[in-house]
Structures are given as C-alpha cells and as structure tokens.
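Take a look at the structure set out below.
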Amino acid sequence: MTSIAKPKAVLFDLDGTLIDSAPDLGAAADKMRTDRGLGSLDEALYRPLAGSGARGMLSIAFGMTESHPDYEDFKNEFLDNYQQAMTVKTTVFDGVADMLLRLQQSGLLWGVVTNKSERFTIPLSQQMALFETAGAVVSGDTTPHAKPHPAPLFEAAKRLNLPAQACWYVGDDERDIVAGKAAGMVTVAANYGYLGAEADVLRWGADFVIHHPLELVDCLPKA
C-alpha cells in the first residue's frame, strides 16, 4: 500500500457506523403493521436493511418495492412514525465514544456525512450528546446530491476548513466507499454495521476494513 498520511479529520456515515438506529427504524415500520392488524415482526428481520431507510424497512414489513402504487403514501407514514420516535431505542455503537475521544486527543476533527435527510439528522444530533463535538453534520439533502456522489463529503470538508484529501471517510455501505474515493479521501469500511449477508466488504476496495470502532485508531499513521 502506498504510504498514507495522517488525516486532519475523520468523517463518518451515521446509521450503522456511529449509531445503531435499527431498533427505531424497525419499530416505525412495525407500527404500520400493527396499526393494520398485522402481526409484529422480530427486530432482527429489519436490522440487515436498516441502512436502506424507508425502502428497506417497507420491503421487510410489507414486501413492498418503490414501484408499488401505494409506496409513497406508505413511505410518508413510515417517515412520520420514525420522526416521532427517533431516539427511543437508538444507541451509540460500543466503542464509538472512546474512539471519537481518542481522535480528538490526537488533534483530529470529526464530522458526519449521512444520506439521512436534515428533517431527521438535525433533531437526532441535537438529542444525542455524542454529536456535541462534531465539527460538521452534512445530511442527504444538504447538497444537491447524496452519496455515492462526493458532493456531501466535499461540503463537510469545507465546513471543517480542510481540503478533502486531508479527511478520511468511514462507512458501512459500498456507497460510502465509492463517495470517499471520488472525493479523494482515504476510505474505511465499517464491517460491524448494517452490511447484510450478501455484502462482500473486501470487494469495495476500501483502504482499511475495521470490525470494531476502536480499530480505526490503530489504522492511523503514527506520524
């Protein structure tokens, strides 16, 4: 591997990378089932597709695709449910808080780049103490393009007053690695997130693959 310089900031995807929001996302879809007199599904069924948002949750809850004539109505109902209960069961992944503290102790900035819309990202980040030290929070609709387009990553770097190449990007989906590479960032695949059974992380071509948040610290060059 070509020598990699120590970054000045690390940017992270949100769901499946920093926070485990699968329980609340699944609950928002499951409420739609129980409201219709259908049986509740196990949370474990929703988890693998939590990173796909409404599309993933509705596919589990109702076997519904975006081509379904009622999809938009169901999607809006799901989003309303989720907005009303975003942090009931959502937690920070084990090791994330310690990892972020160690990055900051090393003089690094950090931020978030997510495809979650500002409608959810802003209140969620305000409700969770973890994000008090984030230097930038960029949502899926902050720029005209969402990941895998690099525009949100460029925006985050700009907010940190850094060139994109001075940042690393960490995410648990292939689109995160595609976006990071397009932005000229060193990329890290988080293998503990919502990958699903069919994901082949090694094929994504990330510079590093980590299986626990604290492993990120060990990836940083010492000088």
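The values are calculated or read from the model by the stated rules, or taken from the named source; none is laboratory data. Since the model is a prediction, treat every value here as computed from it, not as a measurement. Quick reminder, even Gly has a Cβ in these numbers, built from the backbone with ideal geometry, and neighbours come from all protein chains shown.
Just one of the listed residues (E155, E118) is closer than 25 Å to D80 by Cβ and surrounded by fewer than 24 Cβ atoms within 10 Å (Cβ to Cβ), and it is E118. Would the range 105-115 turn up any residue that is in contact with a Ser or Thr (Cβ under 7 Å, 6 or more places away or on another chain) and surrounded by fewer than 19 Cβ atoms within 10 Å (Cβ to Cβ)? No, that holds for no residue. Look at (1) over 30 Å from G107 (Cα atoms); (2) in contact with a strand residue (DSSP E or B) (Cβ under 9 Å, 6 or more places away or on another chain) and you find that A27 fails only one, number (2).
Taking helices (runs of 4 or more DSSP H) as the structural unit, those lying wholly within the range 64-137 and holding at least 3 residues that are outside the structural domain of L153 (by TED's automatic domain parsing) correspond to 71-84. With respect to the conditions (1) crowded, with 18+ Cβ neighbours inside 10 Å; (2) closer than 22 Å to A50 by Cβ; (3) of a type in the set (A, V, I, L, M, F, W, C), V209 lacks only one, and its number is (1). Regarding A44, is this residue loosely packed, with under 14 Cβ neighbours inside 10 Å, of a type in the set (G, A, S), modelled with pLDDT under 95 and within 24 Å of the chain's Cα centre (by Cα)? Yes, satisfied.
Going by the structure shown, is D24 in a helix (DSSP H, G or I), over 23 Å from A179 (Cβ atoms) and in contact (Cβ under 8 Å) with a residue 24 or more places away in the chain? Yes, satisfied.
The conditions of being touching a strand residue (DSSP E or B) at 6+ places or on another chain (Cβ under 6 Å), crowded, with 18+ Cβ neighbours inside 10 Å, free of Cβ contacts under 8 Å to residues at least 24 places away in the same chain and on the phi < 0 side of the Ramachandran plot are not met by F131. The residues on offer are E174, E132, E215, E118, and the sole one that is over 23 Å from G95 (Cβ atoms) and not aromatic (F, W, Y) is E118.
Output the residues belonging to the range 170-198 that are free of Cβ contacts under 8 Å to residues at least 40 places away in the same chain, surrounded by fewer than 18 Cβ atoms within 10 Å (Cβ to Cβ) and farther than 20 Å from W110 by Cα. Correct list: E198 only. Go through the range 32-71 and count every residue that is among the charged types (D, E, K, R) and farther than 25 Å from D172 by Cβ. The total comes to 4.
Residue by residue, here is whether (1) in contact with a Gly (Cβ under 7 Å, 6 or more places away or on another chain); (2) within 18 Å of A29 (Cα to Cα); (3) hydroxyl-bearing (S, T, Y) holds:
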position	(1), (2), (3)
S59	no, yes, yes
E77	no, yes, no
V88	no, yes, no
P123	no, no, no
T142	no, no, yes
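I60 meets each of the listed conditions (1) under 22 Å from A199 (Cα atoms); (2) part of a helix (DSSP H, G or I); (3) in contact with a Ser or Thr (Cβ under 9 Å, 6 or more places away or on another chain) apart from (3).
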